[in-house]
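Report on the structure given below.
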Amino acid sequence: MAAPIAVELAKKQRAISIAEFFEKNRQILGFDSAPRSLLTAVKEAVDNALDACEEASILPDILVSIEDAGGDNVTLIVEDNGPGIVNEQIPKIFAKLLYGSRFHSIKQSRGQQGIGISAAVLYSQLTTGKPTRIISKIDRDKPAHFCKLVINTSTNEPEILEEKEVEWDRPRGTRVEMEMKAAYIKGRRQSVVEYLKSTAIVNTHARLTLVEPDGNTIVFDRATDLLPEPAQEILPHPEGIELGTLIKMLRYTDRQKLAPFLRYSFSRIGLHTAEEICKAAHLDPDTEPPNISLEDAKKLIGAFKKVKIMAPPTDCLSPITESLIYKGLEKEYSVDFIATVTRPASVHSGHPFLVEAGIAYGGSLGKEDRVAILRFANRVPLMYQQGGCAITHSIENIRWKNYSINQPGGSIPAGPAVIVVHVASTHIPFTSESKDAVADVPEIMNEVELALKEVARKLKMYLSKQVSLSKRREKEEIIKKLLPRIAQKVSQVVEKPMPDITPIVAKIMGNLLVYRTVSKNGDGYLVDILIKNYSSANMTINLHDTHQYPIRDAKPDPKVISLGKDTDYIWKLDVRSSSNLTIQYHLPFVSEDEVNSLPSLIVEGVDEAMVNGAKAIRGYVD
Amino acid sequence: MNTLRQQRDKLAKKALLGIVDGFYQQLDDQNIPTLMLPTRTKNNIEYNDESEVWVYGDKESERSAKTVKGARQILKMSYTAELLIKEHLENNRGSTLRELYYISENWDIAKFNEQPESDRMIEDLEIVTSLQREDFHMRPEEDGATIFGDLRLKETTKRGERIIHCRNDVGEGGYQIPFSVDNVEFLDHDAKFIVAIETGGMYARLIENGFDEEHNAILVHLKGQPARSTRRTLKRLNEEMNLPVVVFTDSDPWSYRIFASVAYGAIKSAHMSEYMATPAARFIGVQPSDIVEYDLSTDKLTDQDIKALRSELSDPRFDSEYWKTQIKLQLDIGKKAEQQAFAGKGLDFVTQRYLPERLTEMGII
């Protein structure tokens, strides 16, 4: 009798090594095209270097060097001044997938799964057959450790081909060198240069140096010597915990009773809250956690939602801060205006997160182009899948026209601007393993929109101020330069005396015009004062005409105050917007010289900049 | 003659002074200096039934010293008027359009930034005064075009009068039209029609092939977009000598505009249309339909070409069944052809077949 078919099939069934899996599916991790493979490898190495430096409180100084290795291959070297790696750990970190220190901790960090750099090693090995060369030094006084590594893809275990002690000029740090099938390109967004530039904007404490294949060196210098506030590790928050995770935690906890288990396994659960949860779940606080059934676990999840629990602590997040995003943009772009914001922390599915945004405007940025969008997740630039990212979708959701910015087709706005958005979280919900785009989580999108609206409002204020400033400048140019020249030239051509342009200046500026003319009248002169209000406001003023001559037949009558030798004639006037008034009086027995050297009229109650044809003094007119 | 010229100068001076005095009066009356000019775009040209040409319509735009741009223009106009009055008209001198641009270098904030700006200023003054730039003693830079054929004329120059036959007394290039066409008097001819030709290559081909003698044609080389003097010459030959005019250009949107400026007037100088346009002029080719019919070698239309063709569809000068059909056909086939494309059929093809066929079709021979 033949064996059951299942027995036959069982002979072929075996575990698949994770390394074998990625060998066949390397595009999932971002190793597809030649340019992208290089960018992914640089990104993984630089992320690790930055994380290592920050954990050791060292200001990062990172060198990325790319050399032509002949054929379609390049050699990538990344050096950092971090704490280094102890000898025993080097093989596992670089040549074992899913090995790392951060997967199990809940705090904001760049890398998480421990796939990145080992995937780059794997890619290098697959495309060139060559091992990766590591140098690491952990102490100034000890020699550096060198080793050549490959990954055994069927066991996902490292194989050391050679190791020895070497001299290395750095006091501490790690150097990784790998050859891979890849291409170095420039001149587009998805390139090593742009990636490092973006990294420099949000990591203002890091110095990044790039040596290009042609030997050209580009340095992205730091803008601050202060390390970012380190992110704290936290316990999981009950909100958003999944049933399976909870059951696993219950089964493996060291706690003997349910209430203490809750209190010491989750953040934001204290003595009182733990009891409330037990009560809401109708469970005895003294139950042994492994004895909690599936049904009871479901009740616990339900109780988490019923009982009011504080939002998770936010010290697990490390924002870049408003001022450093400002400095980062300032040093990498030459622009006229920058606004930045850091939003308060918020929560999605129990994971704390916060959003920061910045907008840089004007200067040398292209006026017609779509704005450049720089997306960041936990300080790491996101280079691909812009169109599929929650950050982009949030930008598209905003009506930029309300903020004086063009938005052709209602999608990404256009104009001389760069938009920066940083999402920091203990758990960034990416759309895929290659970590290119943030998933459309409503809480995150909402915060991104609020952050962008805040910087957009500031930009709008700046722009409207620019418009009124330029209108003002335009008017000044007309009244100070052009009109006087026109008056001069036309009177020259027609050979007539130059006209007084004061009334026209008042008209153009939208000011109050006070204009005195005199004409011969019998033995004396007739004085006419025209008051015209070209502004949009009604004005109440005191008009002072102060001189030593007696006046007659004044219409209307002024208030007369003797000032010794001189007399102050005062008219209190209400001049409504776009209306005019006239004052008339006789000056008997004055000579032509005297009438032509009357002192200026003085207006009281209006700002100096608002009057033409008279002096202005401050004063209250009731 | 002299007194006539003096009278014209006096008239021009009065007109220019009038403009400046207008600004002066506005200033003196406490008003912001302002000048109204017809809007010079294709949306503001109208067909004049009487003269059968396109002239400016009623739309006016305001130049006002309320804006920096307007104030600059008014200042520049005042400087220019001063130059024309005091240097040109009062001293009986003149300068070219290019010289005007350089003269303005000394005008400080009133200087012109580029020559097209000073050229436009002279056109503005023509429009406002209803005079022509020659009246201000302004000379164009460009050479007038050339004429070849059985035409006798008398030209008055500084060295006296001269009688010239445009085939027997000239070299292979033909007779050069002076910029001041009104100093030329046409005496007699033995021609049946005029062919105005866009390119020098085709003009030379027709002369070499003896087309003018064989068909009693007068050939005029337009040299691309024709100068005013060329257009004025065509108009005068058409009206005074009673000669039909056909225009022969490449088959592309820019060439159609050459035809339109000959026949209907240019948008930029529609104020001169009645003086310079030849409404009786007809387009002989190269037509888009010729590209298809004669299977000419072609180039692809560029994006610029396509844009220009579309713009012509909304240009009132091309608002006829004939032009709409031809332009739409061209957009359909996406091709353009040069006059020289006929050379692909042999050097005599254009004079032996194409032109005689088209001229017969048009009822000219």
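The values are calculated or read from the model by the stated rules, or taken from the named source; none is laboratory data. Because the structure is predicted, anything quoted here is derived from the model rather than measured. Backbone-built Cβ (ideal geometry, glycine too); neighbour counts: all protein chains shown. The protein model used for the area step is the full one, side chains on, heavy atoms only, and it has no ligands, DNA or RNA in it. Shrake-Rupley method; radii C 1.70, N 1.55, O 1.52, S 1.80 Å.
Does B:Asp169 satisfy the condition of being among the acidic types (Asp, Glu), touching a strand residue (DSSP E or B) at 6+ places or on another chain (Cβ under 9 Å) and either part of a loop (DSSP other than H, G, I, E, B) or surrounded by 19 or more Cβ atoms within 10 Å (Cβ to Cβ) (or both)? Criteria met by B:Asp169. Residues being touching a strand residue (DSSP E or B) at 6+ places or on another chain (Cβ under 9 Å), open to solvent by less than 40 Å² (accessible area, probe 1.4 Å) and acidic (Asp, Glu) are represented in the stretch A:356-369 by at least one member. Among the residues here, A:Ser318 does not qualify as surrounded by fewer than 18 Cβ atoms within 10 Å (Cβ to Cβ), farther than 15 Å from A:Ile241 by Cβ and modelled with pLDDT under 90. Checking each residue in the stretch B:10-21 for being within 9 Å of another protein chain (Cβ to nearest Cβ) and in contact (Cβ under 8 Å) with a residue 12 or more places away in the chain picks out B:Leu16, B:Leu17, B:Val20. The condition (being among the basic types (Lys, Arg) and either touching an Asp or Glu at 6+ places or on another chain (Cβ under 6 Å) or open to solvent by 50 Å² or more (accessible area, probe 1.4 Å) (or both)) is satisfied by just one residue among B:Arg257, B:Arg317: B:Arg257. Here A:Pro352 does not qualify as open to solvent by 30 Å² or more (accessible area, probe 1.4 Å) and either in contact with a strand residue (DSSP E or B) (Cβ under 9 Å, 6 or more places away or on another chain) or at pLDDT below 90 (or both).
Residue check: B:Thr278 meets all listed conditions (1) crowded, with 18+ Cβ neighbours inside 10 Å; (2) within 27 Å of B:Phe349 (Cα to Cα); (3) of a type in the set (S, T, N, Q) but one, namely (2). The residue pairs whose first member lies in the stretch A:246-267 and is under 24 Å from A:Asp315 (Cβ atoms), whose second member is in a helix (DSSP H, G or I) and among the aromatic types (Phe, Trp, Tyr), and whose beta carbons are closer than 9 Å, counting only pairs six or more residues apart or on different chains, are A:Met249/A:Phe261; A:Phe266/A:Phe304.
Checking A:Ser65, A:Ser37, A:Ser57 one by one, the residue that is open to solvent by 40 Å² or more (accessible area, probe 1.4 Å) and either at pLDDT 90 or above or of a type in the set (Gly, Ala, Ser) (or both) is A:Ser57 and no other.
Of everything in the stretch B:89-104 that's part of a helix (DSSP H, G or I) and under 16 Å from B:Ser118 (Cα atoms), which residue is farthest from the other protein chains (Cβ to nearest Cβ)? Among them, the one singled out is B:Arg98.
A quick yes/no check of all residues on (1) in a helix (DSSP H, G or I); (2) β-branched (Val, Ile, Thr); (3) within 12 Å of another protein chain (Cβ to nearest Cβ); (4) surrounded by fewer than 19 Cβ atoms within 10 Å (Cβ to Cβ):
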{"residue": "A:Val423", "(1), (2), (3), (4)": "no, yes, no, no"}
{"residue": "A:Asp440", "(1), (2), (3), (4)": "no, no, no, yes"}
{"residue": "A:Lys460", "(1), (2), (3), (4)": "yes, no, no, yes"}
{"residue": "A:Lys465", "(1), (2), (3), (4)": "yes, no, no, yes"}
{"residue": "A:Ser468", "(1), (2), (3), (4)": "yes, no, no, yes"}
{"residue": "A:Lys471", "(1), (2), (3), (4)": "yes, no, yes, yes"}
{"residue": "A:Ile486", "(1), (2), (3), (4)": "yes, yes, yes, no"}
{"residue": "A:Val490", "(1), (2), (3), (4)": "yes, yes, yes, no"}
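Here B:Gln115 fulfils each of the conditions (1) farther than 15 Å from B:Leu84 by Cβ; (2) over 20 Å from the mean Cα position of the chain (by Cα); (3) without any contact (Cβ under 8 Å) to a residue 24 or more places away in the chain apart from (2). Which of the residues belonging to the stretch A:517-536 are part of a strand (DSSP E or B) and open to solvent by 10 Å² or more (accessible area, probe 1.4 Å)? Selection gives A:Thr517, A:Val518, A:Ser519, A:Lys520, A:Asn521, A:Tyr525, A:Leu526, A:Asp528, A:Leu530, A:Lys532.
Of the helices (runs of 4 or more DSSP H) that lie entirely inside the stretch A:247-360, those containing 2 or more residues that are β-branched (Val, Ile, Thr) span A:271-280. The strands (runs of 3 or more DSSP E) located wholly in the stretch B:32-71 that include 2 or more residues which are more than 11 Å from chain A (Cβ to nearest Cβ), aromatic (Phe, Trp, Tyr) and touching a residue at least 12 places away in the same chain (Cβ under 8 Å) occupy B:53-56. Is it the case that B:Gln26 is in a helix (DSSP H, G or I) and either at the interface with chain A (Cβ under 9 Å from one of its Cβ atoms) or of a type in the set (A, V, I, L, M, F, W, C) (or both)? So B:Gln26 passes the test.
Rundown of residues vs (1) polar (S, T, N, Q); (2) within 30 Å of A:Asp369 (Cα to Cα), yes/no style:
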residue	(1), (2)
A:Thr155	yes, no
A:Tyr184	no, yes
A:Thr204	yes, yes
A:Arg222	no, yes
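Find the residue count for the stretch B:87-121, including only residues that are basic (Lys, Arg) and loosely packed, with under 14 Cβ neighbours inside 10 Å. Of the residues in the stretch B:87-121, 1 are basic (Lys, Arg) and loosely packed, with under 14 Cβ neighbours inside 10 Å. Scanning the stretch A:541-569 for residues that are surrounded by fewer than 17 Cβ atoms within 10 Å (Cβ to Cβ) and part of a strand (DSSP E or B) yields A:Thr546, A:Arg552, A:Asp553, A:Ala554, A:Lys555, A:Lys559, A:Val560, A:Ile561, A:Ser562, A:Leu563, A:Asp566, A:Asp568. Can we say A:Pro503 is assigned to a loop (DSSP other than H, G, I, E, B) and buried (at least 16 other Cβ atoms within 10 Å of the Cβ)? Considered against the rule, which asks whether it is assigned to a loop (DSSP other than H, G, I, E, B) and buried (at least 16 other Cβ atoms within 10 Å of the Cβ), A:Pro503 comes out as no.
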